[in-house]
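**Student:** One structure, as structure tokens, below. Some questions next.
The values are calculated or read from the model by the stated rules, or taken from the named source; none is laboratory data. Predicted model only: the values in this text are computed from it and were never measured. Cβ placement follows ideal geometry from the backbone for every residue including glycine, while neighbour counts extend to all protein chains displayed. SASA here: full protein model, heavy atoms, side chains in, ligands and nucleic acids out. Shrake-Rupley method; radii C 1.70, N 1.55, O 1.52, S 1.80 Å.
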Amino acid sequence: MSYPFKQSEEKWQKIWQEKEVFKALPKQDKPKYYLLEMFPYPSGKIHMGHVRNYTIGDVAARFKMMQGYSVLHPMGFDAFGQPAENAAIKNKSKPDIWTHKCIEWMKTELKKMGFSYDWSREVSTCEADYYKWNQWIFLKMFERGLAYKKASNVNWCPSCETTLANEEVIDEGCWRCHAKVEQKDLEQWFLKITEYKERLLEDLNQLKDWPERVIAMQNNWIGRSQGVEIYFPLDNSDKIIPVFTTRVDTIFGATYIVLAPEHSMVKDLIKGKPGEKESLKFIAKVAKESKVVRGSSDVKKEGVFTGSYAVNPVNKEKIPIWIADYVLMEYGTGAIMAVPTHDQRDFLFAKEHKLTMKVVIQPSLPQAGPPSAEAISYQLSAEELKEAYEGDGVQINSAQFDGLTNEAAKIKIAEWMEKEKIGKIQTHWRLRDWLISRQRYWGTPIPMIYCKKCGIVPVPYEDLPVELPKDAPFTGEGGSPLAKVKEFVHVKCPKCKGAAQRETDTMATFFDSAWYFLRFSSPRENQAPFNQEEAKYWMPVDQYIGGIEHAILHLLYSRFFTKFFKDLGLISFDEPFQRLLTQGMVLKDGEVMSKSRGNIVDPDSIIKNYGADTLRLFILFAAPPETELEWDDRGIEGAHKFLNRVWRIQENLKDKADPALNRAMHKAIKKVSEDFEEFKFNTAIASLMELTNAIYQSGADRKVFKNLILLLAPIAPHFCEELWEALGNKGSIFQAAWPKYDPAFLVEDTVTIVVQVNGKVRFKIDVPADINQDKLKELILSDERLKPWVQDQPIKKFIIVPKKLASMVI
RNA sequence: GCGGGGGUGGCGGAAUGGCAGACGCGCUGGUCUCAGAAGCCAGUGACGCAAGUCAUGAGGGUUCAAGUCCCUCCUCCCGCACCA
């Protein structure tokens, strides 16, 4: 007999909804637990990635609920964004109609999976009562100088026809459509995330329960590097060129300077020099190259001599100033000191253009004492170098610093330079400000007004929200669609009441998702983005679950917003997400499931044929949550088979106390409880299977079965509710208490001791668990099976590991 | 180049330094059946009739004992990258 999953799942989903079993209520007598999964973009259907993400979260939420926590487990929709716009163009529909339809569809599917969301807290970022607070936050940032408009060279996706943040450029392509990103000079809105760079870096230390690689990626992205800014005076001039280096220990080997072609001093340096024409040609050529082309030419180092010279401030040597494409304007000062002997890029450039080289760091001798022939050949010479020596060593040709290790010299030279006022210890960062303007329709309007008289004027708070007009002529071509909506654009200036125009760009959707987790604490609050009391109770998120693709983007922005709210005095914590789990992808035949590959398995068809509980069970059992999961149709069958096997137990329940079975039950309770705590669902399920097998061996005991159902409930909720009810229980199984194990029952009365001779297992012996060591030794030595291995040889060593093994050396 | 994570049966995957391969899939055999499916029971790393030997990417080391700790190397995946 197989279990009626279809009726059962529908029945319980209805009951859960009607009885509000999963409504989050702040309760003073219970500890709180806020479990959040990254909310989806409403594309219509849910895919296996969603199923996996949300199943992991659902098990954790239900487990915590049974443990007696007051659980907040909300769901919503990240509803603004381009796909809605593109779909609307294609279907001649409207983004809001399309989006709402998709949300309804997705909700139906999420409900079919039986997820324990408190739907009364649902939020959609495209609703005015949500994005109003985006605008509010933006204005607060503007007030504090954290939102500003600036003309600059920005990333442009030619296919999406909009700008992109640095974080949205993946492998030189658009994160969404993969089109090659171009560079454009535009005036755009930025958020000053760099103001928070120290805290964003420092507080990574607080995130003890985040995956290391996410921490590493953020660390990398923020990119702090400690070094020295050195001032190189121009020869015969009082002007200086500042240069940033992390290798100040190599300063005595700096034999030329290289500027980025865009550097502001370049024009003056080449003026009237013999090579001026050639230089200008080179600069024009590089200017035409995209970042992509420029970044890919990693072997050939092109450049020209400016005709001017600078002076190395540490040894007063006159050194030439060059321009080259391998120096980037965006990093450091846009100028470098070149040390060809100790930097591979400089080395290649110097070889190409026959520039001077000077060794200033000698690899440390392998050993002390008079140098051997080997050690002498170890000495570097500029003439013989085949590549730059970038390792550590001892200073030479470095005046008073000779003989120091280069690590020590780094500090000494930096201090000395500061004293001599020829340099300054400095920190440089890779992190750039966050570009948030998008030339698209389906997003939050940026609440700014341009007045000819008053300049940039923020929309007053009482005028929020600036509503997105329902109709806009978006064709996917040519500029911001909102610019074409006259009623939207033309406004009165809030200051002078004169004619003015609205900003027509919308906000990047990552703005929307950078604070939604706070909104869930009080989704209907209408005086502020969130209610401070509610946020104080529920926040921070105890467990966050989502894909690794947001390791930088969303997670970095959310951390930034959280710190900003703290500075506003709205919250008192630094980090939004206590624990983070990044689930692995779902693969089919070794590849990511995707439409273009045609290898998609539709969750809906699995639910139809096997039920949601089977799907949940399979997806948790097939792999640990963090690793990739290979889809397996036969694995689904296996999961279904297991549920049926459990189902059949109820047919002949008895009350019989089998001590072995009882012990197996307590063991399972312990194992499953511990595994759930660490999200090791695959091994938890394995132990439930073992308990099931034990029941089959021993006979179906009522109490053991009841506990099995309780342990399985978070994974297969409908299935277990059904059996819970069949056992005669009233109320939802999720209002029942999580079973506890009794350590007393875990104690075994006999144990198997493994006997090893010279490190090899020879035989096993069953003994009472409480046997003393002498007795055990005696027993083993008198065992017939030992003789062939020992014969008459003396036993040199005898080791006993209690309850496990005995090992002897002969 | 820098940073992070891997490499264990036919497959997915287990193993606080203590019996490698839990659990499942697949496969084989048995049972039930007119037959099949579904159940249920048993077997299943390789070699060997067996005793046993060999097996966790390769090689070395520490240890009574290593998938696990240490060194050298190979290889795969992910992120960043002319970042000075």
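**Student:** If you roll a 1.4 Å probe over the heavy atoms of the protein chains, what accessible area per residue do you get for the range A:1-40, in Å²?
**Tutor:** Accessible area per residue, the range A:1-40: 59 Å².
**Student:** Let me ask something else about it. On a 1.4 Å probe surface of the protein chains, which of A:597, A:62, A:579 comes out largest in accessible area, and what is the full order?
**Tutor:** Descending accessible area places them as A:597, A:579, A:62.
**Student:** Using a 1.4 Å probe on the protein heavy atoms only, what accessible surface does residue A:782 show? Give it in Å² to the nearest 10.
**Tutor:** 90
**Student:** Once you charge only the Cβ atoms, +1 for Lys and Arg and -1 for Asp and Glu, what is the size of the charge dipole of chain A about its Cα centre, to the nearest 20 debye?
**Tutor:** 980
**Student:** Which whole number in µm²/s is D for the range A:448-540 by Stokes-Einstein, with the Kirkwood Rh taken over Cα pairs at 20 °C and 1.002 mPa s?
**Tutor:** 137
**Student:** Say the cut-off is 19 Å between C-alpha atoms; which of A:703/A:803; A:760/A:796; A:132/A:497 go over it?
**Tutor:** Result: A:703/A:803; A:132/A:497 exceed 19 Å.
**Student:** Here's something else I'd like to know. Can you give me the distance in nm between label points at residue A:28 and residue A:421, each placed 7 Å from the Cα along the Cα-to-Cβ direction?
**Tutor:** It is 6.6 nm.
**Student:** While we're looking at this one, here's another question. Relative contact order for the range A:463-600: what is it in percent, counting Cα pairs under 8 Å that are at least 6 residues apart?
**Tutor:** Working: 140 pairs, mean separation 22.3, N = 138.
Rounded, it is 16 percent for the range A:463-600.
**Student:** Further question on the same structure: Heavy-atom accessible area of residue A:177 with all protein chains present, probe 1.4 Å, nearest 10 Å²?
**Tutor:** Around 50 Å² of this residue is reachable by solvent.
**Student:** What lysines does residue A:92 reach when the alpha-carbon gap must be under 27 Å and sequence neighbours fewer than 8 apart in one chain are set aside?
**Tutor:** Counting by Cα, and skipping residues close in sequence, residue A:92 has these lysines nearby: A:45, A:101, A:107, A:470, A:484, A:486, A:595.
**Student:** Treating only the Cβ atoms of Lys and Arg (+1) and Asp and Glu (-1) as charged, compute the dipole magnitude of the range A:574-626 about its Cα centre; round to the nearest 20 debye. Walk me through the intermediate numbers first.
**Tutor:** Numbers: 6 positive and 8 negative charges, 49 e Å.
Value, rounded to 20: 240 debye.
**Student:** Ordering A:283, A:413 from largest to smallest accessible area (1.4 angstrom probe), what's the sequence? Let's see the in-between values first.
**Tutor:** Values: A:283 35, A:413 0 Å².
Most to least solvent-accessible, the answer reads A:283, A:413.
**Student:** Report, to the nearest whole %, how much of the accessible area of chain A belongs to carbon and sulfur atoms, 1.4 Å probe, protein only.
**Tutor:** Looking at chain A in its full context, I get 51 percent from C and S.
**Student:** Turning to a different aspect of this structure: Which distance in nm do the two modelled labels at residue A:744 and residue A:386 give, with both placed 7 Å along the Cα-to-Cβ direction?
**Tutor:** For residue A:744 paired with residue A:386, the spin-label model returns 7.6 nm.
**Student:** Provide the packing ranking of A:768-775, A:266-273, A:180-187, i.e. peptides ordered by the mean count of other C-beta atoms within 10 Å per residue, highest first.
**Tutor:** A:266-273, A:180-187, A:768-775
**Student:** Kindly report, to the nearest 10 Å², the accessible surface of residue A:305 as traced by a 1.4 Å probe over protein heavy atoms only.
**Tutor:** 70
**Student:** Using a 1.4 angstrom probe, figure out how much accessible area the range A:551-651 has per residue, in square angstrom, rounded to the nearest whole.
**Tutor:** 40
**Student:** Sticking with this structure for a sec: Which Cα, out of A:782, A:642, A:89, lies furthest along the positive dipole direction of chain A (beta carbon charges, K/R +1, D/E -1)?
**Tutor:** Positive-end residue among those listed: A:89.
**Student:** Cα to Cα, under 19 Å, and not fewer than 8 places away if on the same chain: which aspartates and glutamates meet these conditions relative to residue A:730?
**Tutor:** A:9, A:10, A:18, A:20, A:721, A:722
**Student:** Rounded to the nearest angstrom and ordered from largest down, what semi-axes does the equivalent ellipsoid of the range A:462-508 get from its C-alpha gyration tensor (root of 5λ)?
**Tutor:** Semi-axes from the Cα gyration tensor: 21, 12, 9 Å.
**Student:** Report the antiparallel proportion of the DSSP beta bridges in chain A as a percent, rounded to a multiple of 5.
**Tutor:** 75
**Student:** When the Cα atoms of the range A:84-216 are enclosed in a convex hull and the volume is divided per residue, what value in Å³ results?
**Tutor:** Values: hull volume 26.5 nm³, N = 133.
Convex hull of Cα atoms, per residue: 199 Å³.
**Student:** If you average 1/r over all unlike Cα pairs in chain A and invert the result, what Kirkwood radius do you get in angstrom?
**Tutor:** Taking every pair of different Cα atoms in chain A, averaging 1/r and inverting gives 32.0 Å.
**Student:** Taking all protein chains together and a probe of 1.4 Å, list A:412, A:354 from the most accessible to the least accessible.
**Tutor:** A:354, A:412
**Student:** Would you mind estimating how fast the range A:1-146 diffuses translationally, via Stokes-Einstein at 20 °C and 1.002 mPa s with the Kirkwood radius over Cα pairs, in µm²/s?
**Tutor:** Value of D from the Cα-based Kirkwood radius: 123 µm²/s.
**Student:** So which lysines can residue A:563 reach, going by Cα to Cα under 20 Å and dropping same-chain residues fewer than 8 places off?
**Tutor:** A:140, A:192, A:197, A:208, A:536
**Student:** Over the range A:72-226, with the other protein chains present, what is the accessible area per residue in square angstrom, probe 1.4 angstrom?
**Tutor:** With the other protein chains kept in place, the range A:72-226 gives 44 Å² per residue.
**Student:** With only alpha-carbon atoms in the gyration tensor, what are the semi-axes of the equivalent ellipsoid for the range A:672-810, in Å, largest first?
**Tutor:** 45, 15, 13
**Student:** Another question, if that's okay. Cβ neighbours within 10 Å, averaged per peptide: list A:737-747, A:116-126, A:634-644, A:707-717 in order, most packed at the top.
**Tutor:** My ranking of the peptides, most packed first, is A:707-717, A:116-126, A:634-644, A:737-747.
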